[in-house]
Protein chains: 4
Amino acid sequence: MTETTDGSTPGWFTRTELETIRGQLPILYVNAVPVRVDDAGSVTHVGLLLGVAPDGTISRAVVSGRVLYHERLRDALLRHLEKDLGPMALPRIPVSLQPFTVAESFPTPGVTPFTDPRQHAVAMAYVVPVAGDCQPRQDTLDLVWLTPEEAASPAVQQEMTGGQDVLLRQALAHVGRLP
Amino acid sequence: MTETTDGSTPGWFTRTELETIRGQLPILYVNAVPVRVDDAGSVTHVGLLLGVAPDGTISRAVVSGRVLYHERLRDALLRHLEKDLGPMALPRIPVSLQPFTVAESFPTPGVTPFTDPRQHAVAMAYVVPVAGDCQPRQDTLDLVWLTPEEAASPAVQQEMTGGQDVLLRQALAHVGRLP
Amino acid sequence: MTETTDGSTPGWFTRTELETIRGQLPILYVNAVPVRVDDAGSVTHVGLLLGVAPDGTISRAVVSGRVLYHERLRDALLRHLEKDLGPMALPRIPVSLQPFTVAESFPTPGVTPFTDPRQHAVAMAYVVPVAGDCQPRQDTLDLVWLTPEEAASPAVQQEMTGGQDVLLRQALAHVGRLP
Amino acid sequence: MTETTDGSTPGWFTRTELETIRGQLPILYVNAVPVRVDDAGSVTHVGLLLGVAPDGTISRAVVSGRVLYHERLRDALLRHLEKDLGPMALPRIPVSLQPFTVAESFPTPGVTPFTDPRQHAVAMAYVVPVAGDCQPRQDTLDLVWLTPEEAASPAVQQEMTGGQDVLLRQALAHVGRLP
């Protein structure tokens with residue numbers, strides 16, 4: 001457990017270590033639904049990442065990532081938003097850590113609407129307005145901005161896996177834009 | 001009931017009409033606690049208005065005002081923030097209308113922590129980051145930015161009346177900055 | 001403004017007075033989505049009232065009603081739940097007044113998902129577990145308990161008017177049971 | 001990593017393994033503030049556990065515990081409430097997993113109001129009404145029910161360590177009972 005891929009950084013594991021822990025402990029995540037808002041704070045568009053899943057299928061997803069050892073949720077949100085949307089996105093991290101929901105993903109389908117074959121992940125979920133220019137990172141095919149109506153449409157929802165479609169509609173419900 | 005001070009605008013009443021209604025119906029308000037935040041969304045300062053109460057005493061208060069007929073809560077927040085902080089304050093109205101609390105003020109003390117001798121007022125309360133320059137309006141003596149520790153100090157708390165001290169501490173609790 | 005239907009009770013108006021005020025001020029409401037929960041607090045069923053609308057159509061609705069002068073939101077919730085579900089429903093009023101959403105209904109369609117031809121109503125919305133026996137009141141045709149899946153189905157959703165279908169799905173999203 | 005104290009149960013570690021992981025990953029917790037409520041849902045009393053800390057000092061605390069692998073937050077809440085309050089406490093687990101706050105404890109003081117010398121712990125915090133009889137477990141000295149005013153008093157607050165005093169006041173703020 002003491003060796004890490006980069007030799008010493010706490011919070012980083014070898015791939016084998018992380019695999020082992022993932023079978024024995026819930027792993028803490030943050031999810032961020034990036035949105036564009038008007039002057040009155042009303043959501044006009046939702047940002048979805050287009051990526052290639054390990055099995056080769058194309059799927060849409062919100063920003064999501066692990067919280068590291070000794071990292072605040074706020075800093076984890078900033079880090080993953082910058083990683084996925086680029087350094088000029090200017091995300092407005094929420095003033096309160098109260099999430100709009102907690103998404104519990106289990107390897108076993110059916111326990112909750114959320115599944116993750118790799119692990120038991122528990123994600124604090126936030127809606128995050130972004131005001132700047134967004135540039136998807138290299139391994140993301142695209143970033144699209146959809147209206148709430150488009151984002152909740154069957155065509156888009158079926159491109160989201162692991163319960164991300166449910167999470168997105170929960171976010172829309174929270175901001176009063178569920179069609 | 002049909003005559004108004006400006007002749008016709010719906011949502012405006014003569015002073016007498018409003019007085020009468022205030023004795024018979026709860027009046028809807030919005031409260032906004034203006035804050036300065038850092039890049040990670042953490043509150044660094046709270047904005048408090050310094051004003052002269054009808055009885056001549058000086059007191060501190062958050063932004064507060066009535067919601068008009070056919071006005072959205074979002075638009076009422078924008079209007080009152082602009083009225084109290086000026087047109088360059090650049091308030092970031094919350095993406096969700098879920099308030100951090102609902103402050104119910106009664107003319108009778110003791111029903112809740114909040115009192116209002118004029119009326120039964122029910123205020124949706126929000127924490128609102130402001131990014132721009134703030135200029136207090138004419139009938140406000142000053143606008144001060146205090147750290148959470150200063151804002152929750154006994155010296156400042158005792159200058160807030162009607163339960164505004166409680167509301168401010170509820171806001172600090174919500175954003176994780178209650179000392 | 002001083003005469004009331006019962007002579008003197010503050011908070012009650014003649015029908016004419018209430019009609020007039022409804023055209024000039026937002027009216028404060030509480031909405032309650034009654035639910036059955038299991039031991040772990042997970043929602044198993046949602047209660048919907050079946051009633052006859054003024055135009056003769058049958059529609060489904062959640063518990064909803066006006067907040068009276070000098071009435072706390074908690075007491076308004078209790079009163080309307082008892083009125084609609086009977087005195088043995090044993091509702092568990094939330095410990096926090098933070099609503100899951102605020103439903104703003106306007107006479108004009110399209111401003112928000114919620115409409116109310118009579119007035120501008122602003123409703124604090126809560127999910128309320130009920131543990132006892134429920135008996136719908138006289139002018140309610142029936143009270144049905146539906147699973148979240150049934151409640152969110154198109155067949156049921158289209159029987160809800162004025163945006164109640166949206167409110168119900170917002171409630172399901174909040175409790176993690178949006179299908 | 002594969003051996004556990006009881007031989008095989010997933011989610012359980014030897015003391016050494018857990019110590020090692022605690023230095024490398026945030027550990028997920030749930031916190032529950034037990035309360036007594038009146039018929040209108042208003043908090044009348046807060047339950048605090050009296051225990052002996054490892055250093056021999058006596059301190060007061062809310063219910064708190066780790067979330068196990070493949071355990072839902074709801075079930076972790078139930079398990080820890082039963083462990084600390086006994087099997088007849090009849091806790092009313094919240095219908096929504098949205099916590100009133102997320103308490104991030106770090107081994108390093110000053111990052112947040114919360115510290116935990118053992119680990120980086122992230123706790124979802126809930127207020128949980130309990131309706132039944134509460135019997136503190138063997139290694140708890142006592143369980144006391146205090147009014148919100150008593151619980152927030154300096155005498156009680158200084159008996160809470162690691163930021164539990166702040167968490168308790170955040171809970172009181174959330175339910176509208178912060179003195």
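Out of D:THR101, D:THR108, one residue alone is among the hydroxyl-bearing types (Ser, Thr, Tyr) and touching a residue at least 60 places away in the same chain (Cβ under 8 Å). It is D:THR101. Residues of the stretch A:39-69 that are at the interface with chain B (Cβ under 9 Å from one of its Cβ atoms) and assigned to a loop (DSSP other than H, G, I, E, B): A:ASP39, A:ALA40, A:GLY41, A:SER42. Taking the criterion of being within 14 Å of chain B (Cβ to nearest Cβ) and in contact with a Cys (Cβ under 6 Å, 6 or more places away or on another chain), the only residue of the stretch A:80-113 that qualifies is A:ALA89. Restricted to the stretch A:1-12, and to residues there that are more than 7 Å from every other protein chain (Cβ to nearest Cβ) and open to solvent by less than 60 Å² (accessible area, probe 1.4 Å), the residue that is modelled with the lowest pLDDT is A:THR4. The conditions of being touching a residue at least 40 places away in the same chain (Cβ under 8 Å), in a loop (DSSP other than H, G, I, E, B) and over 16 Å from the mean Cα position of the chain (by Cα) are not met by B:ASP139. Return yes when C:ASP116 is open to solvent by 50 Å² or more (accessible area, probe 1.4 Å), away from chain D (no Cβ under 14 Å) and not aliphatic (A, V, I, L, M) and no when it is not. Answer is no for this residue.
I'm told C:GLN98 meets every condition in (1) modelled with pLDDT of 95 or more; (2) open to solvent by less than 20 Å² (accessible area, probe 1.4 Å); (3) in contact with a Ser or Thr (Cβ under 8 Å, 6 or more places away or on another chain); (4) not in a helix (DSSP H, G or I) except one. Can you identify the failing condition by its number? For C:GLN98, the failing item is (2). In summary, B:CYS134 fulfils each of the numbered conditions (1) in contact (Cβ under 8 Å) with a residue 40 or more places away in the chain; (2) in a loop (DSSP other than H, G, I, E, B); (3) more than 14 Å from chain A (Cβ to nearest Cβ); (4) over 22 Å from A:VAL95 (Cα atoms) with the single exception of condition (4). If the condition is being of a type in the set (Gly, Ala, Ser), open to solvent by less than 10 Å² (accessible area, probe 1.4 Å) and at pLDDT below 85, then the stretch A:21-63 contributes no residue at all.
From the list D:MET160, D:MET124, the lone residue that is of a type in the set (A, V, I, L, M, F, W, C), within 15 Å of the chain's Cα centre (by Cα), surrounded by fewer than 20 Cβ atoms within 10 Å (Cβ to Cβ) and away from chain B (no Cβ under 13 Å) is D:MET160.
Quick check on C:THR108: is it open to solvent by less than 20 Å² (accessible area, probe 1.4 Å), assigned to a loop (DSSP other than H, G, I, E, B) and modelled with pLDDT under 95? Against the criterion (open to solvent by less than 20 Å² (accessible area, probe 1.4 Å), assigned to a loop (DSSP other than H, G, I, E, B) and modelled with pLDDT under 95), C:THR108 does not qualify. Looking at the stretch B:70-90, can you tell me whether even one residue there is outside any loop (DSSP other than H, G, I, E, B), surrounded by fewer than 17 Cβ atoms within 10 Å (Cβ to Cβ), more than 13 Å from the chain's Cα centre (by Cα) and at pLDDT below 95? There is no residue in the stretch B:70-90 that is outside any loop (DSSP other than H, G, I, E, B), surrounded by fewer than 17 Cβ atoms within 10 Å (Cβ to Cβ), more than 13 Å from the chain's Cα centre (by Cα) and at pLDDT below 95. In the stretch C:113-131 there is no residue that is modelled with pLDDT of 95 or more, among the hydroxyl-bearing types (Ser, Thr, Tyr) and assigned to a loop (DSSP other than H, G, I, E, B). In the stretch D:163-177, the residues that are facing chain B (nearest Cβ under 10 Å) and free of Cβ contacts under 8 Å to residues at least 24 places away in the same chain never reach a residue that is open to solvent by less than 30 Å² (accessible area, probe 1.4 Å) and of a type in the set (Lys, Arg) with C-beta atoms less than 8 angstrom apart, at least six apart or across chains. Checked across the stretch B:142-150, the condition of being out of contact with any Gly (no Cβ under 7 Å at 6 or more places or on another chain), buried (at least 19 other Cβ atoms within 10 Å of the Cβ), under 23 Å from B:HIS174 (Cβ atoms) and in contact (Cβ under 8 Å) with a residue 60 or more places away in the chain holds for at least one residue.
The values are calculated or read from the model by the stated rules, or taken from the named source; none is laboratory data. Predicted model only: the values in this text are computed from it and were never measured. Glycine gets a Cβ as well: all are built from the backbone with ideal geometry, and neighbour counts include every protein chain shown. All accessible areas refer to the heavy atoms of the entire protein, side chains included, with ligands and DNA or RNA removed. Shrake-Rupley method; radii C 1.70, N 1.55, O 1.52, S 1.80 Å.
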